[in-house]
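What follows is a set of notes on a single structure, which appears directly below.
The values are calculated or read from the model by the stated rules, or taken from the named source; none is laboratory data. Note that the coordinates shown come from a computational prediction; the quantities given were computed from them, not determined experimentally. Please note: Cβ atoms are built from the backbone with ideal geometry, for glycine as well, and neighbour counts cover all protein chains shown. Side chains are part of the model used for accessible areas, which takes the heavy atoms of the whole protein and leaves out ligands, DNA and RNA. Shrake-Rupley method; radii C 1.70, N 1.55, O 1.52, S 1.80 Å.
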Amino acid sequence: MVRAAVFDLDNTLVRGSSLFHFGAFAAWHGLIPPGHVLRFAWAEARYARGGGEPVAASSSLAARVLPLVQGQDRVRMVRLARAFAERRLDRLVLSATMAELARHKRRGRPVFLATASPQELADAVVWRLGITRSFGTVAEVIDGRYTGALTGPLCHGPAKAARVRAGLAEQGIDLADCAVYSDSVHDLPMLVAGATPYAVNPDAELARIARRNGWTIIDGSRDRYLDEYARLQAYPFVL
């Protein structure tokens with residue numbers, strides 16, 4: 001019996017990489033140099049079109065992002081993440097997955113977000129979409145500023161599954177009782193641990209595994225950006 005649902009973020013709840021979109025927003029507001037965002041534009045375009053997670057994207061996340069925020073004020077980052085979620089997220093969410101999220105909420109199930117993106121960004125998405133709780137990558141903060149290091153492992157792969165399992169247990173929920181949604185074969189440890197796995201815009205390897213095991217495949221590849229906020233009115237919990 002499904003008691004809760006866990007959603008990956010990138011190419012699952014939103015089109016492409018949430019960190020790339022937030023990086024562009026941060027660059028627009030002068031927090032990081034625009035060149036750092038443009039450098040990954042091609043990989044982002046490929047990813048958003050279902051080309052799979054960019055090569056070494058997860059393993060190089062800390063190396064790429066942490067130096068850019070080292071010394072930055074965390075309060076400012078939290079505020080910027082919320083501004084991004086408020087002003088840009090509605091253009092990026094995938095309606096097919098949002099419908100699944102709404103379905104679980106209508107049935108009274110808590111919904112969770114699990115992502116390798118920074119915890120601050122994950123929390124902003126949770127705040128905007130009315131999700132119960134998020135599990136993201138946590139950067140070290142001392143005296144209110146980022147040190148350029150992480151407090152633990154990247155929330156990715158087996159570490160992500162372990163983080164989700166522990167976080168759910170704190171709320172008396174077993175991952176084995178959850179519906180789990182993801183686009184990436186890297187989330188296989190989390191998917192196979194759930195009661196009902198869903199492959200959303202899956203990469204080639206995950207699609208093969210999903211077909212072999214009879215998992216539901218959600219194809220949102222033709223789902224366009226939600227350019228007008230009015231289209232979200234179908235999901236009252238968002239408002």
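A few points about this structure:
- Counted charge near residue 131, where neighbours are those whose Cβ lies closer than 13 Å (Asp, Glu -1; Lys, Arg +1): +1
- Heavy-atom surface of the stretch 119-203, accessible at 1.4 Å and reported per residue (Å²): 37 Å²
- The local environment of residue 189, defined by Cβ-Cβ distances under 10 Å, has a net charge of +1 under the rule Lys, Arg +1 and Asp, Glu -1.
- Of the peptides 191-204, 133-146, the ranking by mean beta-carbon count within 10 Å, highest at the top, reads 191-204, 133-146.
- The HN-Hα couplings worked out from phi for the stretch 166-181 by the Karplus form 6.51 cos²θ - 1.76 cosθ + 1.60 (θ = phi - 60°) are 5, x, 5, 4, 4, 9, x, 10, 9, 4, 5, 9, 10, 7, 10, 10 Hz, whole numbers, x standing for Gly and Pro.
- Residues residue 219 and residue 106, FRET efficiency given R0 of 30 Å [Cβ-Cβ distance, rounded to 0.05]: 0.85
- Accessible surface of the stretch 121-203 [probe 1.4 Å, protein heavy atoms]: carbon and sulfur percent: 54 percent
- At an R0 of 35 angstrom, the distance between the Cβ atoms of residue 196 and residue 140 translates into a FRET efficiency of 0.45.
- Counted by Cβ distance under 10 Å from residue 110, the other residues give a net charge of +4, where Lys and Arg count +1 and Asp and Glu count -1.
- The residue 99 and residue 74 beta-carbon pair, evaluated with R₀ = 45 Å, returns a calculated FRET efficiency of approximately 0.85.
- Among 154, 171, 190 the positive-end extreme of the charge dipole of the stretch 151-192 (Cβ point charges): 154
- Computed extension length for residue 2-residue 169: 58.6 nm, one decimal, from 0.36 nm per residue of separation with the Cα-Cα distance subtracted.
- Simple label model, 7 Å out from Cα along Cβ direction - residue 149 to residue 176, nm: 3.7 nm
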